[in-house]
Amino acid sequence: MRHSTCNITKAQAPKLGFGIASVLSSIVLGDSGLGTLAQGALGLGANATMMRMSRDAEKQADLLGAGILYDAGYDPRGLPQFFETIQAKYGTGGAQFFSDHPNPGNRTEYVNAEIATLPRRSDATVTTAEFTKLHGVAKEEKALSAKDVQAGGWRKAGLYASAPGAGPGVVPASAAAGNTTAQTTSGSGAARLRGSALGSCGTLSRFQGGRFSIGYPPCWKAAADQSGGATLGPAGGVGPDGVTYGAVVGFAKQGGDGVSDAASLKAATVALAQQLSQQNGGLQAVGPLQVLTLGRQMANAVELRGRSGVVEGGTQLVERDWLVAVGRSDGDLNYIVFVAPEPDFETMRQVFTAMMQSFKAE
């Protein structure tokens with residue numbers, strides 16, 4: 001029924017108010033240039049909304065499922081029997097199944113009512129010898145619990161490839177740049193980090209990108225992306241679903257004469273911040289634009305406020321995003337987006353500042 005793709009569209013609408021680190025964004029600057037903010041969602045807020053289905057959506061899928069079974073020649077009564085099996089095993093509260101698939105009510109009743117409208121057939125398939133054989137094989141396999149799945153245990157099982165060409169149980173660096181086992185709150189949203197994960201952990205290591213380099217804490221993870229940028233963050237702050245603590249580095253190609261002086265850099269920075277705000281739920285600027293010098297490179301910075309992917313006590317936290325735009329000698333723009341929930345941003349500002357000062361466009 002494409003409910004997930006509909007929810008993605010809704011998540012990109014300004015009315016949801018997710019922060020800069022919530023949705024993959026394409027940034028258009030200058031006359032015709034195109035820059036990419038990131039190769040994946042930075043935060044978890046949008047992802048959580050995408051996966052949260054309504055009861056009406058679940059009912060629509062149930063009814064369509066009954067029709068698909070019937071059209072495929074199977075006895076559609078197997079569907080309500082499945083609901084009865086779930087309820088008998090886990091009770092009316094449902095299992096982990098119902099945390100992602102909300103129970104719309106008496107599923108057995110309305111699916112049976114739908115089946116009653118279909119023409120009766122005497123040759124419907126109930127089971128097959130092939131199914132019985134494969135069912136026996138499946139029962140011998142260890143099933144992952146909901147907790148295992150949530151913690152990313154399937155990646156360690158050696159049975160599943162996480163991306164084309166990645167190999168069994170391997171998470172490619174471009175997909176995940178950190179520890180993906182952080183526990184979440186109530187099954188949606190990322191967990192808030194504590195203690196040493198928020199600070200520096202020694203002399204900065206050096207990440208060498210395609211056309212830039214940047215320092216980062218040695219206890220953090222760093223991964224290049226396909227566009228030549230990078231994602232850097234502490235364990236638990238970066239995962240396959242995005243970044244809630246850390247930094248994203250990327251490029252924004254300029255149109256026209258590009259960035260050549262302070263005025264054109266300011267215009268490009270403002271345009272970048274405006275595009276981020278428009279495409280990520282209406283971010284609010286925090287304070288004025290700052291004029292910086294990073295080595296011999298012109299730079300501007302602006303802080304933005306939005307909604308974090310981190311949930312604490314059932315409440316989604318406010319997120320602070322520090323956008324740093326660096327003029328390049330070739331006229332294009334490098335940007336760094338430092339990300340943290342607002343309650344932790346000042347704790348992380350020192351390490352963010354050190355990383356920013358270490359940045360070099362090459």
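Derived scalar couplings between HN and Hα for segment 335-340 equal 9, 10, 10, 8, 10, 6 Hz in order, rounded to whole Hz, by the Karplus curve 6.51 cos²θ - 1.76 cosθ + 1.60 (θ = phi - 60°), x for Gly and Pro.
Residue ranges 72-82, 117-127 sort as 72-82, 117-127 when ordered by packing (mean number of other C-beta atoms within 10 Å per residue, highest first).
Extension gain for T353 to L292 (0.36 nm times residue separation, less C-alpha to C-alpha distance): 20.8 nm.
Give me the extension gain from L144 to N106: residue separation times 0.36 nm, minus the current Cα-Cα distance, reported in nm with one decimal. Mind dumping the intermediate values first?
Details: separation 38, 0.36 × 38 = 13.68 nm, distance 2.78 nm.
Result: 10.9 nm gained on full extension.
Full extension of the chain between D257 and A61 gives 65.3 nm of extra length, using 0.36 nm per residue less the Cα-Cα distance.
Of R192, R206, the sequence from fewest to most neighbouring Cβ atoms within 10 angstrom is R206, R192.
Readers should treat all values here as calculations from the given coordinates under stated rules, not as data from a laboratory. From a predicted model like this one, the values you see are computed outputs, not experimental measurements. So basically every Cβ, Gly included, is an ideal-geometry build from the backbone, and we count neighbours across all protein chains shown.
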